[in-house]
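I have placed the structure first, in the form of structure tokens, so that the comments after it can refer back to it.
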Amino acid sequence: MSILINLSRCSGIIAASIFLVTGFLRASLPYNGDFESGFSGWLAGDRMSEVTADAAHTGKFGLRISDNDKRNGSQLHSSRYPVKPGDELTLTFDAKADGNFMAVYIWPRDVNGKLLKNGSGRGDGLNSVAIKGGDGSWKSYSVSQVMPEGAETVSIWVHSWSSSTGTADFDNFKLEGLASDAKAVMSPEEMQAESEAAQKRNEAALAKQAAAEKIPDELPERAKPPVIIIKLDDLRQIGGKAHPLWDKVTYRLGKQNIKCSIGVITQTLQEATPEYIEWIQKKNDSGMVEFWFHGWDHGVWKDEDGRKRSEFSGRSVDEQQKRFADSQSLAKEKLGFAFETFGPGGGGSTAHQDAATATAMAEDPDMAVWLYPSPIDVMGRELAADGKVTVLDRVWAVNLEGRVGQPNFERFVAGYAKNPDREYFVLQGHPMSWGNERFAEFEKIIDFLVAQDAVFMTPSEYAQSLNGKPAQQVAQR
């Protein structure tokens, strides 16, 4: 029989007593790495984490992560402990899992509690070890990291990935390399209060998500079917060709004669192979796909204040115009046509476009359509009012993906039902992130729209169909 220990039911006094009697006397860190004292010393803010006898590898208890949520991942942090830059830490633990759906991370933070990534530019920028599932047997794991410049504290993060599901058990976490007298920076009472607050935040977020994804019993009537502009991001040459996922999505749409648009990251056109060029040209010539300018490198950069910015944010007019010009030159040379539509890449911590971008759009002789990454604002309206560029903005609640890379049918239909008067929708997606389950969600959205008699158009087609209407009026529909 399982014995479950839930942090929200623990008494702060009991947890504090356990910690004071045993925690500071233990040589092993982090405190309660074997979960024999329940969640004491850990921040548990979700419903997926539990301490149970069934998860024990040694001793009486262990940690179990049960993730059945295809949209959200688990979140469990250990106490934070003081460190210095240059300290070399090694985390070891035991685990078993029924699938490959999660990892354990080392989290260094600065004096303000901000996460310090390792600067590798790969993955999420954290040192981690993925849990390998399959045979259900316990395995020993290890991951190391030298504390980076500015590191003040470190914690352990146990996290399952948002769209993956499964069950995993953990026991015997040990973090070597901390000072022998290291103590948690938060008291047991503070840890418990923070856990309870995190649980409340998580419950509120889940309730908000459920409300946003609630599909009404009946959809409101529309005056006419919507125009749908499918905006697929991040095409680049990989291994001399387009990735097979691009063939998969265009084939699926082509079976129903559905038009789409694909954003090209142009840097790889410099070394484009004949196979890659032919792939783009054939689809462009078919009239079923419009290729548009998504950026030179889609790179995130830092400004002089250290803020992370997306490619078309914070750069001068000259710099942004050069990225347009270089990309257009390559497109004409390699593909035989210029891009007529633009959509900026994301990333960074600020807006994805600015006034310099609007200037670049206005002065590029071939650009006619801006796939605006947000609901239209003053800058977009002013640009559209000049008449050269048609601005097609977004309805955030109506999109292929609920989160980047994660198509969400229920969220889409719920948002669609709330916008019966909207004439068109620009639906963004990232096919390179669509595994089988995510692709199935995408297909459900497409089938729903077909049943709604939606009219699928490319961005340029829709702009041309407006028959001279002021672009700002179209963007505000």
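Read-outs throughout are calculated quantities, based only on the coordinates presented, and are distinct from any laboratory measurement. The shown structure was predicted, so the numbers you read here are calculated from the model rather than taken from an experiment. All Cβ positions, glycine included, derive from the backbone under ideal geometry; neighbour counts span all protein chains shown.
Quote the Stokes-Einstein diffusion coefficient, in whole µm² s⁻¹, for segment 365-477, based on the Kirkwood radius over alpha carbon pairs, a temperature of 37 °C and a viscosity of 0.692 mPa s. For these conditions, the coefficient is 219 µm²/s. For segment 428-467, the average shadow cast by the Cα convex hull is 3.5 nm², which is a quarter of the hull's surface. The distance between label points at residue 281 and residue 301 comes to 3.2 nm (points 7 Å beyond Cα on the Cα→Cβ vector).
Per-peptide packing, taken as the mean over residues of other Cβ atoms within 10 Å, places 270-278, 323-331 in the sequence 323-331, 270-278 from highest down.
Here segment 269-330 is treated with +1 on each Lys and Arg Cβ and -1 on each Asp and Glu Cβ, and its dipole about the Cα centre works out to around 220 debye.
According to the Cα-based calculation, Rg over Rh for segment 33-76 is 0.99, with Rh computed by the Kirkwood formula. Counting beta carbons within 10 Å around each of 80, 252 and listing the fewest first gives the order 252, 80. I'd like the distance separating the alpha-carbon centroids of segment 257-302 and segment 305-334, in whole Å. If we compute the Cα centre of each part, the gap is 16 Å.
Going by how many other beta carbons lie within 10 Å of each one, how would you line up 444, 283, 248, fewest first? Write out the running numbers ahead of the final one.
Numbers: 444 16, 283 20, 248 13.
In order of increasing Cβ crowding within 10 Å: 248, 444, 283.
Sorted from fewest to most neighbouring beta carbons within 10 Å, what does the list 294, 352 look like?
Details: 294 26, 352 20.
Placing the least packed residue first, the sequence is 352, 294.
Largest first and in whole Å, the equivalent-ellipsoid semi-axes of segment 386-443 read 24, 15, 7, each the square root of five times a Cα gyration tensor eigenvalue.
Taking amide H as placed 1.01 Å from N in the peptide plane, the amide H of residue 394 sits under 5 Å from that of 374, 376, each at least 5 places away or on another chain. Here's how it looks for residue 47: its modeled amide H is under 5 Å from none belonging to a residue 5 or more places away or on a different chain.
Using only alpha carbons, build the gyration tensor for segment 227-475 and give me the equivalent ellipsoid semi-axes, biggest first, whole Å.
Taking √(5λ) for each eigenvalue gives 25, 22, 18 Å, largest first.
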